[in-house]
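Down below is the structure, laid out as C-alpha cells.
Values quoted throughout were computed directly from the atomic coordinates according to the rules given, and no laboratory measurement underlies them. What you see is a predicted model, and the numbers here were worked out from it, not measured in a lab. Don't worry about glycine lacking a Cβ; one is built from the backbone with ideal geometry, like all the others, and counts go over all protein chains shown.
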Amino acid sequence: MLRAMACPVCGQRKGRRSCPALRQTICSVCCGTKRLVEIACPDDCPHLTTAREHPAAVVKRQQQEDVALLLPGIRHLTERQYQLFFLFHTAIARHTPEGFSRLIDDDVAEAAGAVAATLETSTRGVIYEHKTQSLTAQRLASELTALLAEIKSQGATIHDREAAIVLRAIEEGAKHTRRAPGVTEGDTAYLALMGRLLHVRKAAAPSEPSTPQSSLILP
C-alpha cells in the first residue's frame, strides 16, 4: 500500500490535496493557511472556490479580528481616502525588495511616514523630499509616490493633504499592529493582516453590487 508523501511546503504533514499552483500534493493545513498568501492559487482551483463559497469558522473569526484591529485606525477616513488606503496597500503587496532583503512592518511605517511628511511639507509651499533610513523603505516610498502621481495623471483630484492623512494611517497601523493582543506574526504582523484583507476584498469584488463611479480613479 502506497504511503502519502510528505507535504513539499511544510515537509511535516502528509500531502492529501492536489495543488494546481504548485503541481504537487500538499497538506490541508498548508492549503488553508498559505492559500493566496504564499501560494499563487489559480481562480479555478476547486479548493479555493470551496473556501470562498463556504469559509471555515476559523477563517471568519480571523476576518472579524482583522477588521476589528484595523478599523480604529481608519475610521476617520472618507470613502475616497478609504479607496486610496487600499490602493496604496495593493502597491505595498506587489513590492519586491531587491537582493535578499525582505519587507517588514517597520519598512512600511518608515516609507509611509516619509511620503506623508513630503506631502505635508508641500502643502506649506516647501518642496522637500523626506528620506528614509532604510534602503528597502526608500524604494517602497518611491513606489508609493509613483502610484500617487499615476492616480493624479488619470484625472483624480487627490490633494496632498488628503493623501498624507491616508499614509499616516498606514504608518500608525504598521507601527502598532504587532503590539495588539493575540497578534503572533512578529515584524510582519501588519503586512499579514493587510494581505488577508486584500484577498477578502478581491474575492468579494465579483459579487458586490454595482455602485456609482467614484471620483477616485482606480489604476
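Things worth noting here:
- Charge dipole magnitude, Cβ of K and R +1, D and E -1 - segment 78-204, Cα centre, debye nearest 20: 280
- Gain on full stretching of the segment that runs from ASP44 to GLN12 - 0.36 nm per residue minus C-alpha separation: 8.8 nm
- With θ taken as phi - 60° and the Karplus curve 6.51 cos²θ - 1.76 cosθ + 1.60 applied, the whole-hertz 3J(HN,Hα) list for segment 21-31 is 6, 8, 6, 9, 9, 10, 7, 5, 5, 5, 4 Hz, x standing for glycine and proline.
- Student exercise, the chain dipole from Lys, Arg, Asp, Glu Cβ charges, in Debye to nearest 20: 960
- Longest DSSP-loop-exposure-free segment, chymotrypsin sites (Phe, Trp or Tyr not before Pro), the chain, at most 13 other Cβ within 10 Å: 1-99
- Between the exposed loop cleavage positions of the chain, defined as trypsin sites (Lys or Arg not before Pro) in a non-H, G, I, E, B DSSP state with at most 14 neighbouring beta-carbon atoms within 10 angstrom, the longest gap is 132-219.
- Restricting segment 63-104 to GluC sites (Glu not before Pro) in coil, as DSSP defines it, with at most 13 other Cβ within 10 Å: GLU98
- For the chain, the mean residue ellipticity at 222 nm estimated from helices alone is -18000 deg cm²/dmol, where every DSSP H run of n ≥ 4 contributes -39500 (n - 2.57) and the total is divided by all residues, rounded to the nearest 500.
- Only one residue of SER101, LEU70, PRO8 has its Cα farthest out toward the positive end of the dipole of the chain, where Lys and Arg carry +1 and Asp and Glu -1 on Cβ, and that residue is PRO8.
- Given their separation in residues at 0.36 nm each and the Cα-Cα distance between them, ARG61 and SER153 gain 29.1 nm when the chain is fully extended.
- Ordering SER28, ALA149, HIS130 by the projection of their Cα atoms onto the charge dipole of the chain, which places +1 on the Cβ of Lys and Arg and -1 on the Cβ of Asp and Glu, puts SER28 at the extreme positive end.
- Helix 105-123 and the longest principal axis of the C-alpha atoms of the chain enclose an angle of approximately 20°.
- Relative contact order for the chain, counting Cα pairs under 8 Å that sit 6 or more residues apart, in percent: 20
- Rg/Rg_ref, segment 1-128, where Rg_ref = 2.2 N^0.38 Å and atoms are Cα: 1.45
- Spatially proximal aspartates and glutamates relative to LYS175 (Cα-Cα < 17 Å; intrachain offsets below 8 disregarded): ASP66, ASP105, ASP106, ASP107, GLU110, GLU185, ASP187
- Alpha carbon centroid spacing (whole Å) that separates segment 10-45 from segment 157-198: 28
- Stretching PHE86 away from LEU22 to a fully extended chain increases their span by 20.2 nm, per 0.36 nm per residue minus the current alpha-carbon distance.
- Rounded tilt (10° steps) of 57-74 against the dominant C-alpha axis of the chain: 10
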